[in-house]
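Just below is one structure, and these are the notes that go with it.
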Protein chains: 2
Amino acid sequence: MSKHRPLSEDALQLVAQRFAVLAEPMRLRLIQALFDGEKNVTELVAATGGTQANVSRHLQTLTAAHILGRRKEGLLVFYRISDPTIPKLCELVCGSLEKTLSRQVAQFEAAG
Amino acid sequence: MSKHRPLSEDALQLVAQRFAVLAEPMRLRLIQALFDGEKNVTELVAATGGTQANVSRHLQTLTAAHILGRRKEGLLVFYRISDPTIPKLCELVCGSLEKTLSRQVAQFEAAG
DNA sequence: CAACTATATGCGTATATGCTCATATAAAGT
DNA sequence: ACTTTATATGAGCATATACGCATATAGTTG
């Protein structure tokens with residue numbers, strides 16, 4: 001995006017949509033729960049504290065966005081992180097947030 | 001986020017909020033327009049094709065999120081990208097999308 | 001086939017937020 | 001002081017979407 005020619009309107013829409021998928025705390029919780037390997041829906045319900053219906057919906061959203069992969073095994077459905085850029089993305093955002101926050105703390109202390 | 005202990009609920013909220021700021025095409029257009037240096041509001045209105053009111057609002061959102069910085073010079077207000085992780089973030093997402101899309105194209109062609 | 005378990009989905013509601021129009025503020029020139 | 005230009009903001013409307021409840025589907029076991 002930086003050194004390339006400007007993205008088309010369609011491409012911008014896709015990028016925005018992808019960020020939107022990551023803009024829900026429950027979906028981030030699910031992603032976080034899957035960092036240490038695949039889990040089935042019941043396990044994810046337990047790990048996140050959400051309702052089964054809501055977890056199921058969010059898993060669908062994440063799968064449609066090709067962020068998670070799905071594997072059926074009998075009655076169980078296992079989900080896993082299928083997009084390798086997701087951990088890096090989260091790290092980048094977390095790092096940036098930490099810097100911003102610690103700078104704010106420093107300014108607050110300097111002002112007091 | 002990956003190798004660290006799970007984020008607190010508050011931290012997840014912050015991360016989600018940050019992704020949400022990036023989940024709007026108009027804001028991405030503004031960021032894109034600022035990749036080659038700072039611009040004032042009127043220039044950004046022209047570059048993005050949005051209304052002045054709407055552009056101003058989005059600039060406020062991006063500034064509040066510490067993604068953009070602001071500099072007043074007489075009547076003009078210049079904005080610039082102040083978070084160095086933003087270009088990397090956009091590149092990551094774009095790269096991931098390209099891979100996903102080209103894989104989909106390949107599958108479509110293999111099926112036909 | 002009936003009962004049970006795991007997962008998905010239809011529907012209604014509440015909330016958030018992007019957009020537009022009009023107007024307010026701020027800075028500069030006459 | 002008045003006008004003009006640049007930017008910000010208040011209010012209202014329209015849309016999107018997250019959540020809860022109930023129910024549907026799929027697969028397994030008796």
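Taken together, the values in this text are just the output of simple stated rules run on the coordinates, not laboratory data. Just so it is clear, the structure is predicted and the values come from calculations on it, not from any experiment. Quick reminder, even Gly has a Cβ in these numbers, built from the backbone with ideal geometry, and neighbours come from all protein chains shown.
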Exercise. What nm distances, shortest first, do you get from the label point of A:THR63 to those in the other copies when the point sits 7 angstrom along Cα to Cβ?
Worked result: 4.5
Problem set entry | Other-chain or far-sequence residues with amide H under 5 Å of B:LYS39's (modelled H) | B:TYR79
For this session: Would you grab the residues whose amide H sits under 5 Å from the one on A:LEU68? Only those 5+ places off in sequence or on another chain, please, with H modelled 1.01 Å from N.
Result: A:THR63, A:SER82
Exercise. Roughly how tilted is helix B:85-111, in degrees to the nearest 10 and between 0 and 90, from the longest Cα axis of chain B?
Worked result: 40
Problem set entry | Cα-centred dipole magnitude for chain A, charges only on beta-carbon of K, R (+1) and D, E (-1), debye, nearest 20 | 200
Problem set entry | Karplus (6.51, -1.76, 1.60) ³J(HN,Hα), θ = phi - 60°, over segment B:38-53, in Hz, Gly and Pro reported as x | 6, 9, 8, 4, 4, 5, 6, 4, 5, 5, 9, x, x, 6, 4, 4
Exercise. Which distances, shortest first and in nm, link B:ASP10 to the matching position in the other copies, using label points set 7 Å out along Cα to C-beta?
Worked result: 4.5
Exercise. Which whole-number percent is the relative contact order of chain B (Cα, under 8 Å, 6+ apart)?
Worked result: 21
For this session: May I ask you to work out the translational diffusion coefficient for chain A at 20 °C, viscosity 1.002 mPa s, via Stokes-Einstein with Rh from the Kirkwood sum over Cα pairs, reported in whole µm²/s?
Result: 133
Seminar exercise, completed: The rounded separation in angstrom of the Cα centers of segment B:30-84 and segment A:39-106 is 32
Exercise. Taking the Cα atoms of the protein assembly as shown, what is the range of coordinates along each of the three principal axes, in descending order and whole Å?
Worked result: 68, 57, 26
For this session: Read phi for every residue in segment A:25-34 and hand back ³J(HN,Hα) as whole Hz from Karplus 6.51 cos²θ - 1.76 cosθ + 1.60, θ = phi - 60°, with x for Gly and Pro.
Result: x, 5, 5, 5, 4, 4, 4, 4, 5, 9
Seminar exercise, completed: Checked against the positive end of the charge dipole of chain B (+1 on Cβ of Lys and Arg, -1 on Cβ of Asp and Glu, about the Cα centre), the farthest of B:THR51, B:THR63, B:GLN104 is B:THR63
